[in-house]
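Asks: For reference, the structure I am asking about is given below.
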Amino acid sequence: MNEELFISGRDNLNIDPVLHIWHWQIPVYLFLGGLAAGLLFFASLYTIQNKDKEYRTAVKIAPFLAPFALILGLIALFLDLKHKLFFWQLYTTIRLESPMSWGAWTLMIITPLSMIWAASYIKEIFPNWDWKFKWLIQFDKWVVKNRKVFAWLNIYYAIILGVYTGILLSAFNARPLWNTSLLGPLFLVSGLSTGAATIMWMSKDQAERKMFSKIDLILIGIELFFIVHLFMGFLASSQVQIEAANLFLGGEYTAMFWIFVVGIGLIIPAVLETLELLGKHIPVFVPATLILIGGLVFRFIMVDAGQVTRYLY
Amino acid sequence: MRYAMAIDTRKCVGCSDCVVACQTENNVPIGYCRDWIVETVAGTYPNVEIELRSERCNHCDNSPCVRCCPTGASHYEEGGIVTVHHNECIGCGACIQSCPYDARYSHPEGYVDKCTFCLHRVEKGQKPACVSVCPTKCMYFGDLDDPNSEVSVVMRNRNHKVLAPEAGTKPHIFYLT
């Protein structure tokens, strides 16, 4: 038998023995970013399709959460920076090679867009709101008139934001678990699913709830399909990626991933939503919370496990 | 011009003199290091083979750290040396995540720090601190584009390898085997 012993004299903080440079801030941001992307996607989609009357919660109410989610996410990102006072350096350059650079610019654009979207519905929801300034009233009128343009901008940036949360990770060469282009679509679908679950939860309208239940079921199906393909891809790849997959197929993340992400976050809510559609009464917050918890845990596991995987030499 | 380093794994005794020299020369904060010694023992006793390596940033041709940096703080200097502009670095950790050699660390002051091939010495025509102190003279430094530099000569005459070539980074630290 050939054994190999590896002894390193390096002991840098947060690098050794296992890389752990990203803590809770990054998964929290990835979750909030995905959620905001999901909320804005559905709001814009149904505006473009002229269904804003049928899906009132999706178009007019749920998007109020998006700016808050984005701002909390940005705060988390800021807390993660270790050279905080230099954060503005992000906005002195655009580096297309670096997903983090165009992600930072995407956030710079979509955060104000989400605020404008939410603010333009204040009048409809709180008719007695006093706007005080004339230019604000005019700006509001202009936004309402150009609603479709804003919807197109929003849907475009929401998709970029959703994909970005995954691509951010897959751009890092050194972490085999992240080195897959599937991560972008997987994080996008997961983000849309958390958005749909939130809308379903907030909606008081039976028809809208049913619709988002159905959407969520489809998204969960796609997510499961992606997860299976993720592991198939890893297992057919190089040794470092086989080892990355094995963390979830018998390794230390197995129980956490399959119970919390796949079981509680995907399969149980899918079963509950199917029962609901078949006519059984299930309190809507149960599947919705489970999906949100699953989405959050998924991001924590991916960020944490990714940092464990590395090249061996 | 393309700076590179060749390190003789058969001459290295793992004394860590290169590590101490680097920490002194570059004021590396206590508890951190820019270069380090790795010892691998392969086989089953008594049939074992030991390899000692002095490791550091590989100053790759295709550096993932430079590609991932959102501000351009990580960049190539003349001769392919990869360094970090401290006042452009935001400490996001992207480069640390992207380095297959884990050669970067987060400096207590916030920015990311790493081996610079002692750029400040090389510019003056001196060798990096680690190379100049090595008691067994197992390290060679120089310009790969110059066929007569000591690193080019030693690489012509000896078998050599790089670490994790499958990562596609085209590293420029060569280990003579």
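Asks: In the stretch A:174-193, which residue that is buried (at least 24 other Cβ atoms within 10 Å of the Cβ) and in a loop (DSSP other than H, G, I, E, B) is farthest from the other protein chains (Cβ to nearest Cβ)?
Replies: Here the answer is A:177.
Asks: All but one of (1) within 11 Å of chain B (Cβ to nearest Cβ); (2) in contact (Cβ under 8 Å) with a residue 60 or more places away in the chain hold for residue A:15; state the number of the condition that does not hold.
Replies: (2)
Asks: Assuming residue A:218 fulfils every condition listed in (1) surrounded by fewer than 19 Cβ atoms within 10 Å (Cβ to Cβ); (2) modelled with pLDDT of 95 or more; (3) not in a helix (DSSP H, G or I) apart from one, which condition is it?
Replies: Among (1) surrounded by fewer than 19 Cβ atoms within 10 Å (Cβ to Cβ); (2) modelled with pLDDT of 95 or more; (3) not in a helix (DSSP H, G or I), residue A:218 violates only (3).
Asks: Restricting attention to the stretch B:95-140, which residues are within 30 Å of residue A:167 (Cα to Cα), under 15 Å from the mean Cα position of the chain (by Cα) and in a loop (DSSP other than H, G, I, E, B)?
Replies: Of everything in the stretch B:95-140, those that are within 30 Å of residue A:167 (Cα to Cα), under 15 Å from the mean Cα position of the chain (by Cα) and in a loop (DSSP other than H, G, I, E, B) turn out to be B:99, B:100, B:101, B:102, B:103, B:104, B:114, B:115, B:116.
Asks: Another question, if that's okay. Please enumerate the residues belonging to the stretch B:69-86 that are facing chain A (nearest Cβ under 10 Å), at negative phi and surrounded by fewer than 24 Cβ atoms within 10 Å (Cβ to Cβ).
Replies: Of the stretch B:69-86, the ones facing chain A (nearest Cβ under 10 Å) are B:69-74, B:85-86.
Right, trim to at negative phi and you get B:69-71, B:73-74, B:85-86.
B:85, B:86, listed by residue number.
Asks: Here's a follow-up. Just one of B:60, B:89 is at the interface with chain A (Cβ under 8 Å from one of its Cβ atoms), under 23 Å from residue A:168 (Cβ atoms), assigned to a loop (DSSP other than H, G, I, E, B) and not β-branched (Val, Ile, Thr); which is it?
Replies: Exactly one of B:60, B:89 is at the interface with chain A (Cβ under 8 Å from one of its Cβ atoms), under 23 Å from residue A:168 (Cβ atoms), assigned to a loop (DSSP other than H, G, I, E, B) and not β-branched (Val, Ile, Thr), namely B:89.
Asks: Every residue in the stretch B:163-177 that is at the interface with another protein chain (Cβ under 9 Å from one of its Cβ atoms) and touching a residue at least 60 places away in the same chain (Cβ under 8 Å), please.
Replies: B:163, B:164, B:167, B:168, B:169
Asks: Here's something else I'd like to know. Output the number of the condition that residue A:86 fails; it satisfies all remaining conditions of (1) in contact (Cβ under 8 Å) with a residue 60 or more places away in the chain; (2) more than 19 Å from the chain's Cα centre (by Cα).
Replies: (1)
Asks: Tally up the residues in the stretch B:6-20 that are away from chain A (no Cβ under 12 Å) and under 14 Å from the mean Cα position of the chain (by Cα), please.
Replies: 3
Asks: Search the stretch B:111-146 for residues being touching a His at 6+ places or on another chain (Cβ under 7 Å) and within 14 Å of chain A (Cβ to nearest Cβ), and hand back the single one that is surrounded by the most Cβ atoms within 10 Å (Cβ to Cβ).
Replies: Taking the stretch B:111-146 first, the residues touching a His at 6+ places or on another chain (Cβ under 7 Å) are B:111, B:113, B:117.
From the residues that got through so far, the ones that are within 14 Å of chain A (Cβ to nearest Cβ) too are B:111, B:113.
Values: B:111: 19, B:113: 21.
This residue is B:113.
Asks: Please pick out the residue among B:66, B:38 that is assigned to a strand (DSSP E or B) and facing chain A (nearest Cβ under 9 Å). Full working, then the answer.
Replies: On the way: B:66 fails: assigned to a strand (DSSP E or B).
Matching residue, one of B:66, B:38: B:38.
This table checks each residue for (1) under 14 Å from the mean Cα position of the chain (by Cα); (2) more than 11 Å from chain A (Cβ to nearest Cβ); (3) free of Cβ contacts under 8 Å to residues at least 40 places away in the same chain.
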| residue | (1), (2), (3) |
| --- | --- |
| B:3 | yes, yes, no |
| B:32 | no, no, no |
| B:47 | no, no, yes |
| B:54 | yes, no, no |
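Asks: Residues being at pLDDT below 95 and either part of a helix (DSSP H, G or I) or within 12 Å of residue A:212 (Cβ to Cβ) (or both): count how many of those fall in the stretch A:23-54.
Replies: Within the stretch A:23-54, residues that are at pLDDT below 95 and either part of a helix (DSSP H, G or I) or within 12 Å of residue A:212 (Cβ to Cβ) (or both) number 1.
Asks: Next question. With respect to residue B:150, is the statement that it is farther than 30 Å from residue A:81 by Cβ, away from chain A (no Cβ under 13 Å), touching a Gly at 6+ places or on another chain (Cβ under 9 Å) and not polar (S, T, N, Q) true?
Replies: yes
Asks: Also, quick follow-up: Out of (1) touching a strand residue (DSSP E or B) at 6+ places or on another chain (Cβ under 7 Å); (2) under 30 Å from residue A:92 (Cβ atoms); (3) in contact (Cβ under 8 Å) with a residue 40 or more places away in the chain; (4) among the aliphatic types (A, V, I, L, M), the odd one out for residue B:96 is which?
Replies: (3)
Asks: Name the residue, out of B:28, B:66, B:38, that is of a type in the set (A, V, I, L, M), in contact (Cβ under 8 Å) with a residue 40 or more places away in the chain and crowded, with 17+ Cβ neighbours inside 10 Å. Don't jump to the end; show me each part of the working.
Replies: Working: B:66 fails: in contact (Cβ under 8 Å) with a residue 40 or more places away in the chain; B:38 fails: in contact (Cβ under 8 Å) with a residue 40 or more places away in the chain.
The unique qualifying residue is B:28.
Asks: Here are some residues: A:305, A:270. Which one is within 14 Å of chain B (Cβ to nearest Cβ) and either of a type in the set (A, V, I, L, M, F, W, C) or in a helix (DSSP H, G or I) (or both)?
Replies: Details: A:270 fails: within 14 Å of chain B (Cβ to nearest Cβ).
Unique residue meeting the criteria: A:305.
Asks: I'd like the full set of residues that are surrounded by 19 or more Cβ atoms within 10 Å (Cβ to Cβ) and either assigned to a helix (DSSP H, G or I) or more than 9 Å from every other protein chain (Cβ to nearest Cβ) (or both), limited to the stretch A:90-110.
Replies: A:90, A:99, A:100, A:101, A:103, A:104, A:106, A:107, A:110
The values are calculated or read from the model by the stated rules, or taken from the named source; none is laboratory data. The structure displayed is predicted, hence computed values, not measured ones. Cβ: placed from backbone, ideal geometry, glycine included. Neighbour counts: every protein chain shown.
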